[in-house]
Every structure is written in C-alpha cells, then in structure tokens.
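The values are calculated or read from the model by the stated rules, or taken from the named source; none is laboratory data. Since the structure is predicted, the reported quantities are computational estimates derived from the model, not experimental observations. We place every Cβ from the backbone using ideal geometry, glycine too, and count neighbours over all the protein chains shown.
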Amino acid sequence: MLRKKSKLCFFAAEKNQKDMTSAIISVFIIGYILIAIESYTKISKAAIALLMGVMCWVLYNIGFGVSPESTEAFTKSLGETCEILFFLMGAMAIVEVVDTNGGFNFVKEKLKAKSKKSLLWKLAFLTFFLSAVLDNLTTAIVMTMVLNKIVSGKTDKLLYSATVILAANSGGAFSPIGDVTTIMLWVKGNISTVGILKSLFLPSIMSIVIPTLLISLRLKGDLIPANEIQDTESTFVSISRRDRIIVLMIGVGGLLLVPVFRLLTDLPPFMGIMLVLGILWVVTEMIFHQKRFKKIEEVRFPDVTRLLHKIDLSTILFFLGILTSVSALTQTGILGQTGEILDRTFNGNPYIVTTIIGFLSSIVDNVPLVASCMGMYDIVPATAEVTSEVLTYGVDGTFWELLAYCAGIGGSILIIGSAAGVVVMGLQKISFGWYLKNITPAAIAGYLGGIAAYWLISM
C-alpha cells in the first residue's frame with residue numbers, strides 16, 4: 001500500500017512539474033509578445049520583463065518545490081546575471097565619462113564622411129573590428145554614443161544604430177574574446193584561437209557585408225554637417241586635448257585590458273570594469289581639481305557622480321528580467337531537451353542543428369543555449385585516424401565553430417536576441433516592431449550568407 005502511494009505521489013509530482021514547465025513557457029511567450037508590441041501597448045518593456053522573470057521563478061518553485069538544490073540554482077543564476085549587469089553598468093559609466101570629457105571626438109573624426117552611405121560602411125567596419133578586441137556589448141555602447149554626435153535624423157539614426165548591432169555581433173563571433181559564448185567555448189577548449197580566426201573570419205565578414213549592403217540601399221543623399229548638430233558637450237567646461245587623450249586611453253585602453261585582467265586574476269570581467277571605472281574616476285577628479293574647475297558653477301563640472309545618474313536603469317532592469325526568466329527556463333531542462341530533439345530529428349547534422357540554434361538565440365539568450373549544447377556533446381579527442389566524429393566534435397570541429405558563429409550572429413535576427421541589441425534598443429529607443437520590419441530580413445540574409453561561406457571554405 002505504501003509503495004502504491006509513493007508511486008502515485010511520484011506521478012503526481014511529475015505531472016505537476018510538466019504543468020508548471022508549460023506554464024513557464026507560456027509566461028515566457030506572452031512576455032515576449034508584449035515586449036514585441038510595446039509601441040502599441042505603451043507599457044514599458046522593462047516592466048514586462050521584470051514581471052516575466054519573477055513569475056517564471058514563482059511557477060518553477062511551485063512546480064518543482066523549494067529545495068537546497070533549487071535555492072542553489074537560483075542563487076547561482078542570480079550571481080551570473082548580476083555579473084553581467086555590473087559589467088554593463090560599469091561599461092556604460094566608463095563610456096559616459098569618456099564621452100562627456102570629449103574623449104570620443106577622435107573616433108568621431110575617423111567617422112567623418114560626406115555621404116550617408118560612406119558613413120554606414122565606415123561605421124560597420126570600425127564597429128566590426130573594434131568588437132573583436134573589445135566585446136560586442138562594450139563596442140555597441142561606445143559606437144552608439146559616438147553615433148549620436150554625428151547623426152541627427154531620426155530614421156537615419158535608427159538604421160545606423162541597427163548596423164552597430166549587426167556589426168558588433170559579427171565582429172564578436174570570429175574572436176575568442178569578442179563574445180561571451182566564444183569565450184565559453186574557448187576557455188573550455190572546444191575551439192582554439194587560431195582555429196576560430198581562420199574558420200570564422202570570412203563568414204563573419206559576409207554576415208555584416210550583406211545586411212550593410214541592403215541597408216545602404218535605403219540611405220540617400222549627404223549628411224548634415226557636424227556643426228549643425230547640437231553638441232552635448234557644450235554644457236560642460238572644455239578640457240585640453242592632452243587631457244582628452246588621457247581620458248580616452250584610460251577608458252578605452254582599460255576596456256581592452258579587461259580580458260587580460262581576467263586571465264591574470266581569474267576574477268569575473270565586471271571586476272576589471274570596476275577597476276577601470278575607479279581609475280578613470282580618480283584621474284578625472286584630479287584633472288579638474290588641478291585646473292580649479294570646481295570654482296565654476298557646479299552644473300558645468302562633469303562630475304562622475306552626476307554622470308552616473310545618466311545610466312539608463314530601464315535598460316538594466318529589462319536585462320535583469322530577461323536573464324532571470326531565461327535562467328528559470330534553463331532550470332526546467334527544456335532548453336537541453338530541445339537540443340536533444342534537434343539532434344535526433346536531423347541525425348546530428350551540424351549545419352542544420354546549429355542553424356536552428358542560431359534562430360533560437362534570437363529569442364532566448366545565447367549563453368544558456370551554448371551552455372546546454374556544451375553539456376549535450378563531449379569534445380572528441382584527436383586520433384591518428386581522422387573520422388567524421390573527430391571533424392565534427394573534436395577541437396575546432398565543425399559543430400563547435402558553427403555553434404560559435406550561429407549563437408553569436410543569430411542574436412542579430414531580433415533586437416532582443418543579444419546584449420548589444422538590448423542595450424542599443426534602450427539607448428536609442430528602438431522598438432521591437434521597427435527592427436523586425438526593417439532589419440530582420442537583412443540580418444537573416446547575412447546570417448545565412450555567412451553559413452554558406454563557412455560551408456564553401458570547409459569543402
């Protein structure tokens with residue numbers, strides 16, 4: 001009798017978990033739909049994302065129960081989310097300080113162009129290569145700030161901003177330090193530095209050239225001269241060219257050294273960001289103290305404390321909600337199950353499986369997707385005999401290289417599919433619907449074009 005009751009309890013618990021998993025998926029889908037139609041509902045996407053994240057975890061605890069394991073899983077996911085958020089806030093603060101002190105005037109000068117199309121191509125390739133040495137998130141923030149100084153038209157600014165998203169994700173895909181997912185694969189040993197650079201450089205180039213070409217068809221005429229655009233620096237005291245160079249070198253140079261900091265200290269990247277912000281803060285205070293700028297009315301002093309208030313908290317909270325809800329989905333195991341289904345359905349064909357994963361990464365954060373895939377497959381050790389399994393799942397195998405490409409660039413298909421997209425969305429007030437209508441087709445064309453390029457060079 002006791003055995004029968006325990007069986008019934010087991011099946012009841014299993015059914016409850018399945019029901020709650022379905023409910024979590026439903027909440028996730030409804031939340032994304034509401035985010036997509038923000039321009040129609042007039043409800044902030046940040047509010048929807050926060051509600052979605054909380055509800056997903058509430059349903060998870062109801063269905064799966066509160067246990068030491070679930071508590072540990074929540075704490076771990078929250079810690080990982082906070083690492084990303086602190087990195088984001090630190091990077092946004094650094095960029096804001098450098099920008100306010102005129103540090104990006106040098107980058108602005110490099111982007112000077114007469115025609116709109118010329119600016120588009122300069123912007124695309126500068127962002128692309130900068131993203132490979134920085135990360136795509138930081139690059140997107142930097143280039144967006146610079147873009148706001150040289151472009152005035154609303155429609156044109158949206159097209160340029162979308163190009164920044166595309167280029168940042170493309171540039172991050174072929175570099176081992178350009179994206180969180182490539183870092184994960186690189187650190188784990190699935191890909192090597194030389195291998196990914198050699199195999200993914202051309203596909204990544206194709207993934208930005210194609211959409212940039214399509215977007216350029218919509219741009220006509222010449223740019224409005226820069227001096228006709230309102231300069232945000234005019235409210236602050238101007239500093240010398242030497243001091244601007246110092247601020248730029250500390251800010252951008254510090255961001256470049258964050259991967260080195262992580263390698264040397266084994267601390268999370270956000271700690272490196274906080275170090276750079278602290279140094280930059282001290283140096284700017286010293287500059288203005290030395291020049292006695294504090295004697296001038298306070299509103300004209302670009303104090304870092306005042307600049308911190310300019311960080312877009314709605315974007316931060318939106319990011320928090322999205323990552324929290326995705327972590328709940330990951331805990332249910334649905335993402336891992338999806339990968340297994342894809343594998344069985346397509347007989348492990350790496351091109352089809354990774355292409356679909358790329359499309360999924362435009363909806364779900366690519367980090368848990370890649371993590372799930374890394375858990376599904378083991379790295380096949382190299383053997384004297386080169387087998388199809390070694391070529392597919394060995395170090396620098398087809399599957400791992402395509403996974404790095406598809407997970408990174410697939411996030412460009414929808415504006416909410418990547419950290420760079422989410423940040424630019426918040427900074428430039430780009431609606432989900434506008435991006436879907438105007439940019440998604442071009443992003444898909446570039447995404448598939450890159451896969452085709454990879455197939456050709458792998459033959």
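Within the stretch 267-295, the set of residues being more than 31 Å from the chain's Cα centre (by Cα) and at pLDDT 85 or above is empty. Among helices (runs of 4 or more DSSP H) entirely within the stretch 58-145, having at least 2 residues that are closer than 16 Å to Ile208 by Cβ and not β-branched (Val, Ile, Thr) singles out 116-133. Filtering the stretch 84-137 to residues that are over 24 Å from Pro176 (Cβ atoms) and among the small types (Gly, Ala, Ser) leaves Ala93, Gly102, Gly103, Ala113, Ser115, Ser118. If you go through the stretch 209-260 and pick out every residue that is in a helix (DSSP H, G or I), at pLDDT below 75 and of a type in the set (Val, Ile, Thr), you end up with 2.
Going by the structure shown, is Leu88 more than 22 Å from Val424 (Cβ to Cβ) and crowded, with 19+ Cβ neighbours inside 10 Å? Even if it seems obvious, please write down each step before you answer.
On the way: more than 22 Å from Val424 (Cβ to Cβ): no; crowded, with 19+ Cβ neighbours inside 10 Å: yes.
No.
Within the stretch 139-161, being under 11 Å from Leu123 (Cβ atoms) and among the small types (Gly, Ala, Ser) holds for one residue alone: Ser161. Only a single criterion out of (1) surrounded by fewer than 21 Cβ atoms within 10 Å (Cβ to Cβ); (2) out of contact with any Ser or Thr (no Cβ under 9 Å at 6 or more places or on another chain); (3) at pLDDT below 85 is not satisfied by Glu38, namely (2). Per the conditions (1) modelled with pLDDT of 85 or more; (2) within 30 Å of Val380 (Cβ to Cβ), the sole criterion not satisfied by Val180 is (1).
Of the residues making up the stretch 91-125, those that are touching an Asp or Glu at 6+ places or on another chain (Cβ under 6 Å) and buried (at least 17 other Cβ atoms within 10 Å of the Cβ) number 1. When Phe432 is tested against (1) surrounded by fewer than 24 Cβ atoms within 10 Å (Cβ to Cβ); (2) at pLDDT below 75, exactly one condition is not met: (2). Looking only at residues of the stretch 147-204 that are part of a helix (DSSP H, G or I) and charged (D, E, K, R), we find that the one that is farthest from Arg218 (Cα to Cα) is Lys188. Within this structure, Ser161 fails the test of being of a type outside the set (Val, Ile, Thr), within 22 Å of Leu456 (Cβ to Cβ) and surrounded by 19 or more Cβ atoms within 10 Å (Cβ to Cβ). Scanning the stretch 138-196 for residues that are under 20 Å from Gly450 (Cβ atoms) and among the charged types (D, E, K, R) yields a single hit, Asp179. In this structure, Ser77 qualifies as buried (at least 16 other Cβ atoms within 10 Å of the Cβ), over 15 Å from Ile25 (Cα atoms) and small (Gly, Ala, Ser). All conditions in (1) modelled with pLDDT under 80; (2) part of a helix (DSSP H, G or I) hold for Glu385, with the sole exception of (2).
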